[in-house]
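The structure appears below as structure tokens.
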């Protein structure tokens, strides 16, 4: 039914070994946290009749990290593919998109990241449920944060409202924006093949709950995550 796909690249520039950096009691940090989510997700799918349509789903990792490969080898239900050095460069996303339908075999592909440590098993199930419910309308969904604020571009021009009509409208009357937060993109596999893209032309946003879409990108993010996990 669904291929849960996770790219894990070594060689992060801003934070060394970002994906496997130790966090509190998690020796392999973000990777270990995400695997814990997937174990719980898989258990829910296998034991709950409500999710029987997802029982044939697969879990796929593409990585060039030897530590990640060794750690994942203990989980027989995870498929691990060697990510070539060409597909491990800083700017290779378009090429990686072409690789994904070759290694992910299910009808739908959920592209996610270990750098979304607060997006847990329940969030994945909510996301999948939302996607399947709207499948006849849209063939792609993405996790998003909804932003309704006063927004300006680099030239100082407003893009959240038309100041000629009203200089300072109420916040609730401003134009809303959907911001992809990197927790997940769920798409029909044929979109990858036909469009050479991981989303259709007009994808549907799935508003992430609370801070579940929080993405780890720098040391400040790690500090925030540690505070959250310590609670």
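The values are calculated or read from the model by the stated rules, or taken from the named source; none is laboratory data. Because the structure is predicted, anything quoted here is derived from the model rather than measured. All Cβ positions, glycine included, derive from the backbone under ideal geometry; neighbour counts span all protein chains shown.
To keep it simple, each residue is scored yes or no on (1) surrounded by fewer than 18 Cβ atoms within 10 Å (Cβ to Cβ); (2) at negative phi.
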position	(1), (2)
2	no, yes
12	yes, yes
17	yes, no
25	yes, yes
44	yes, yes
96	no, yes
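The lone criterion from (1) buried (at least 19 other Cβ atoms within 10 Å of the Cβ); (2) within 24 Å of residue 189 (Cα to Cα); (3) at pLDDT 95 or above left unmet by residue 122 is number (1). There is at least one residue in the range 186-200 that is at pLDDT 95 or above, touching a strand residue (DSSP E or B) at 6+ places or on another chain (Cβ under 7 Å) and closer than 30 Å to residue 23 by Cα.
Table: residues versus (1) in contact (Cβ under 8 Å) with a residue 40 or more places away in the chain; (2) over 20 Å from the mean Cα position of the chain (by Cα); (3) within 13 Å of residue 222 (Cα to Cα).
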| residue | (1), (2), (3) |
| --- | --- |
| 20 | yes, no, yes |
| 24 | yes, yes, yes |
| 30 | yes, no, yes |
| 35 | yes, no, no |
| 39 | no, no, no |
| 42 | no, no, no |
| 51 | yes, yes, no |
| 58 | yes, no, no |
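Residue 39 passes every criterion in (1) in a helix (DSSP H, G or I); (2) farther than 22 Å from residue 73 by Cβ apart from (2). Residue 169 fulfils the conditions (1) touching a strand residue (DSSP E or B) at 6+ places or on another chain (Cβ under 9 Å); (2) surrounded by 15 or more Cβ atoms within 10 Å (Cβ to Cβ); (3) over 30 Å from residue 24 (Cα atoms) except for a single criterion, (1). Determine if the range 68-85 includes at least one residue that is touching a residue at least 60 places away in the same chain (Cβ under 8 Å), under 17 Å from the mean Cα position of the chain (by Cα) and in a loop (DSSP other than H, G, I, E, B). No, the conditions are met nowhere in the range 68-85. Filtering the range 98-118 to residues that are more than 15 Å from residue 59 (Cβ to Cβ) and crowded, with 17+ Cβ neighbours inside 10 Å leaves 99, 101, 115, 116, 117, 118.
The single residue among 150, 127 that is more than 24 Å from residue 115 (Cα to Cα) and modelled with pLDDT of 95 or more turns out to be 150. Of the listed requirements (1) under 20 Å from residue 120 (Cβ atoms); (2) in contact with a helix residue (DSSP H, G or I) (Cβ under 6 Å, 6 or more places away or on another chain), residue 87 misses just one: (1). Selection of the range 181-224 for residues being surrounded by fewer than 20 Cβ atoms within 10 Å (Cβ to Cβ) and part of a helix (DSSP H, G or I) yields 189, 190, 193, 194, 195, 219, 220, 221, 222, 223, 224.
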